[in-house]
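The values are calculated or read from the model by the stated rules, or taken from the named source; none is laboratory data. Just so we're clear, the structure is a prediction, and the values are computed from it rather than from any experiment. Glycine also receives a Cβ, built like all others from the backbone with ideal geometry; neighbour counts cover every protein chain displayed. SASA here: full protein model, heavy atoms, side chains in, ligands and nucleic acids out. Shrake-Rupley method; radii C 1.70, N 1.55, O 1.52, S 1.80 Å.
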Amino acid sequence: MATVATVATNDDVSIARELDLGALLARKSHFLLGPRQTGKTFLIRQGLPTVRRYDLLDHAVFLELSRDPGRLGQEIPRNERLVVIDEVQRLPSLLNEVHRLIEERRIRFLLTGSSARRLRGGGVNLLGGRARVRHLHPLSARELGSRFQLERAIDRGLLPSIYFSDDPRADLVAYAGTYLQQEIVAEGATRNVPAFSRFLRVAALCNATIVNFTKVASDAQVARTTVHEYFEILKETLILHELPAFRTAARRKPIASSKYYFFDTGVVTALQGRDRRAVGTSEWGEGFETWLLHELRCWRDYHSGAALSFWRSTSGFEVDVLIDDHTAIEIKASATVGPADLKGLRALSEEMRLRRRIVVCRERRARRIDDIDIMPWSDFLDALWADQFR
């Protein structure tokens, strides 16, 4: 059952999120990772209102536990079985004590964070599989229900506070600045903030593409090796997602390089230096594709666990998304799908047997061309969450 979380807006909008924290913690501890402002804290307050919680953004709490991690075990009563630690990446050394309490007292922890970078370097492996990892994404169309508006989602993105904001442009610019300050500078991930800032804009302009690292290095005026490091920083701070290439092919040689998508359409628009995306432009098409990949990641991480990839041959045929190895999806932001839009799907079907081939688009009604389904985006999302593509 979904957890209802109250989004912090002027109207205090209540949104049922797909993650049920109580169900997650019924058997095992979990890391809950997600970028800032995706709603982790609100979800905890609504889903686990009576559970003991340590917020490591609270300076006093951080100092006490950093000086003596053993205080955690001393403060938790012997009969308590659930504990939340917010922003645990700020104090990775605390995971040693968490590990001990899981083993000796069978306490189940919810450990939240906005960065996997410091956790990987500081102790996630110390838990030795004793905690599973789940991700919280910005709002999905399914979660918003009747409040979802496609143009609004692509223009503003789906971070709760920004989707419902009365000044989304200012909030998005502030979010980008907060990210540079808190996630990059505070973590010491890079000391050259001007270089990283230049890179970040260039990387945002490469959203939804196979990245040419040499060109990015030239445009951002940094070394190619530094560009690779910076991309890893974006992935580890959950701002960027990698969509791997599907490499199995019978006839045409596939490209092995990945594509990269920023986690939110509004944030990437702000990082690109744009005010908004005009409907019908290539920029709007990029936003539509980025948004649909977000919806697919939500479905994968909250529900199915399916593998997502894309396929492109060296001769130029491409399919935007594969679900596992059985469903191929082409994403088109246009209101009319034509024969040229089907070429990639037809080429891939010559390489492998597919259960379904789909074009997700803005046409108003579903139709079928040969055995290719042309689906309005809302019909596709309904079918996705109804488990028709597993």
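Observations on the model:
- About the centre of its Cα atoms, the chain shows a dipole size close to 900 debye [charges on the beta carbon of Lys, Arg (+1) and Asp, Glu (-1) only; nearest 20 debye].
- Relative compactness, the chain, computed as alpha-carbon Rg over 2.2 N^0.38 Å: 1.03
- Under 5 Å, built H, 5+ apart or other chain: amide partners of residue 135: 33
- Amide proton proximity set for residue 17, modelled H, under 5 Å, gap of 5+: 3, 4, 5
- If the chain linking residue 66 and residue 133 were pulled fully straight, counting 0.36 nm for each residue of separation and taking away their Cα-Cα distance, it would gain 21.8 nm.
- Rg and Dmax over the alpha-carbon atoms of region 311-350 stand at 10.2, 29 Å.
- Comparing 137, 303, 59 in a Gaussian network model of the chain (Cα springs below 10 Å), the most mobile by mean-square fluctuation is 59.
- Rounded to the nearest 10 degrees, the inclination of helix 193-205 to the longest alpha-carbon principal axis of the chain is 40 degrees.
- Residue-normalised accessible area of the chain, given per residue in Å² at a 1.4 Å probe: 44
- GNM flexibility winner over the chain from 376, 339, 49 (Cα, springs under 10 Å): 339
- Rounded to 0.05, the FRET efficiency of the residue 205 and residue 78 pair, given R0 = 45 Å and the Cβ-Cβ distance, is 0.25.
- Distance distribution P(r), region 29-124, all Cα-Cα pairs, bin width 5 angstrom from 0: 3, 13, 26, 27, 21, 9, 1 percent.
- Taking the C-alpha atoms only, the angle from helix 282-299 to the longest principal axis of the chain is near 50 degrees.
- Fraction of accessible area attributable to carbon and sulfur, the chain (%, probe 1.4 Å): 45
- Summarising the amide proton neighbourhood of residue 53: residues at separation of 5 or more, or on other chains, whose placed amide H is nearer than 5 Å comprise 84.
- The listed residues 28, 259, 343, once ranked by accessible area (1.4 Å probe) with the largest placed first, stand as 343, 28, 259.
- Listed cross-link partners 215/259; 215/343; 40/215 are compared with a 27 Å cut-off, the Cα-Cα value being larger for 215/343; 40/215.
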